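Structure, as structure tokens:
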Amino acid sequence: MSFQLAARAIKVAKTDQALDALREVLPQTFLHAQLKGHTSSVMNAAFSPDGKWVVTASKDNTARVWEAATGRSLATLQGHTDSVNSAAFSPDGKWVITASDDKAARVYPYEMFAPAEEVIERAQLRVLRALTPLEQARFGIEEQSTGTGRQNRAKALRTGK
């Protein structure tokens, strides 16, 4: 409602006051997503090359990767022992690099923040044997019985069947 009023005011009279009112309500009206989850100040934020994700660096000693469209946290990148001052994606979007006051830079692979289905699929390509029941439980993969044998839930997720 306040956006409509400000927009009408600017149409009626292009005054500094009307322009200030419009500028004040624009961020509230068009805010796409709020990225909430850090426990201290956010020092830096950057989009992935394709615009799907945002990485943030925080004084809480972590970086986070977020889904830009929804603001959903995809991963918390841990390991630093002091404030993380900056974070950025590689040009191909497959890596995140962070820099910290702990005098270290860290490089995190895509698998740290990729969608779960992709991580499971990539892991299955690397594992040349069937997962043990203990490994399945550890990764939250449930066995399902079918008329033709057993298939794990991860395969169902990967193939959509």
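The values are calculated or read from the model by the stated rules, or taken from the named source; none is laboratory data. Model, not experiment: these values are computed from the prediction. Reconstructed Cβ throughout: ideal geometry from the backbone, glycine too, with neighbour counts over all protein chains shown.
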Q.
Regarding region 94-108, can at least one residue be identified that is in contact with a helix residue (DSSP H, G or I) (Cβ under 6 Å, 6 or more places away or on another chain) and either among the aromatic types (Phe, Trp, Tyr) or not assigned by TED's automatic domain parsing to the domain that holds residue 58 (or both)?
A. no
Q: Name, by its number, the condition in (1) at pLDDT 95 or above; (2) small (Gly, Ala, Ser); (3) under 14 Å from the mean Cα position of the chain (by Cα) that does not hold for residue 86.
A: (3)
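Just to check your reading of the model, which residue among 73, 58 is in contact with a Phe, Trp or Tyr (Cβ under 7 Å, 6 or more places away or on another chain) and modelled with pLDDT of 90 or more? Show your work before the answer.
Working: 58 fails: in contact with a Phe, Trp or Tyr (Cβ under 7 Å, 6 or more places away or on another chain).
Within the list 73, 58, the selection yields 73.
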Q: Check residue 131 against each of (1) under 16 Å from residue 47 (Cβ atoms); (2) surrounded by 12 or more Cβ atoms within 10 Å (Cβ to Cβ) and name the one condition it does not meet.
A: (1)
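For region 47-62, enumerate the residues that are in a strand (DSSP E or B), buried (at least 16 other Cβ atoms within 10 Å of the Cβ) and in contact (Cβ under 8 Å) with a residue 40 or more places away in the chain. Write out each step before concluding.
Let us first name the residues in region 47-62 that are in a strand (DSSP E or B), namely 47, 53-58.
In the following step, the residues that additionally are buried (at least 16 other Cβ atoms within 10 Å of the Cβ) were identified as 53-58.
Within region 47-62, 53, 55, 57 qualify.
A quick yes/no check of all residues on (1) closer than 23 Å to residue 38 by Cα; (2) in a loop (DSSP other than H, G, I, E, B); (3) among the aromatic types (Phe, Trp, Tyr):
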position: 81; (1), (2), (3): yes, yes, no
position: 85; (1), (2), (3): yes, no, no
position: 91; (1), (2), (3): no, yes, no
position: 103; (1), (2), (3): yes, yes, no
Q. What is the number of the single condition among (1) crowded, with 16+ Cβ neighbours inside 10 Å; (2) closer than 13 Å to residue 37 by Cβ that residue 72 does not meet?
A. (1)
